[in-house]
Structures are given as C-alpha cells and as structure tokens.
C-alpha cells in the first residue's frame, strides 16, 4: 500500500475515533463477505457503522487517552464497530450477530469514552438502553414530588369528606 493511501486510511480511522464516543473492537476472522454486508446493513439502520481496519494504521490514529490494554487488542484481524448514538444497542447488536453467526469475538472497546475489557462486555449488554435508563432516572426524580403532592392533597380530601358529612347531618 502506498504511503498516500495509508495516510488517507489513518485520517479516516482518526475521523471515526473523533466523531464517535463508542466503539467495539472485534475479531472477524471467520466472517464471510455476505455476513459482513448483512451486519453493516443492520448497523446502518441504527446510526452505527462497521469498518475493517489494518492494525498498524489504527494504532497510528488511536489517541493517547486510551489505555495500553486497548492498544493490545489490535493484534488479530480487527473490525471496528462504532456509534455516536446508543452504545447499548450497538453492543446488543454485535452480541446477537455473534451468537447467530458464530463469527465475531469481542476484543475490547470504548463505551462513551471509557475503555472496557472483553470480560466486561456481557455487563454492558445487561444494561438498559438509553431511553430505558432515562426513564428510570425520570421516575426516580419524580417519585418524591408525587409523594409530596399526595401529602398536600390528603388534607383537602379529608376536608371534603368532613364537609359532605356535615351537609348530610344538617339535611337529616
């Protein structure tokens, strides 16, 4: 490969690292072209992507803030799955595709700027999606306010019951 082509590839990979805060490194050793195309279509629908990278070129564009453990993942054939949208959805898609086709092996990656080892990949999958987690946070934030409103409304409710009883007593 010519030097100019290598520089272009390094810039492409660098652009992926800068534009996306989540990427997963996979060994794609036994993946066929048809499987690769199918995975790319699935990821494209989710605002994600997949790029097969040369390890030396990827290491050139890898930023210094990533730990050495991540740099060690660039040893076998490497596919780079990336997203700026929902990292949990990307991880679940990679896991599902890997289970169905038995071709991808996760070597590590970065989820929203934090590196993870391949052993922790299953923990990431167990997390809820972005919407689910935001819903949980919203419910936790609104629970004390809802309790406070119920406490404020309780005396008004009992006052209404008392007035109704007084009215009934006067009519009788």
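Projecting the alpha carbon convex hull of the chain along each direction and taking the average yields 15.8 nm².
Taken as Cα centroids, segment 14-56 and segment 88-108 sit 11 Å apart, rounded to the nearest whole angstrom. Note on residue 114 and residue 5: with the Förster distance fixed at 35 Å, the Cβ-Cβ geometry gives a FRET efficiency of about 0.60. What is the list of residues in segment 67-96 whose amide nitrogen lies under 16 Å from a point 7 angstrom out from the Cα of residue 136, following Cα to Cβ? From segment 67-96, the list is 87-89, 92. For the chain, the relative contact order comes to 27 percent (Cα pairs under 8 Å, sequence separation of at least 6).
Of 74, 23, the sequence from fewest to most neighbouring Cβ atoms within 10 angstrom is 74, 23.
FYI, it's all coordinate maths here, none of it is from the lab. Because the structure is predicted, anything quoted here is derived from the model rather than measured. With ideal geometry, Cβ positions are generated from the backbone for all residues, glycine too; neighbour counts draw on all protein chains shown.
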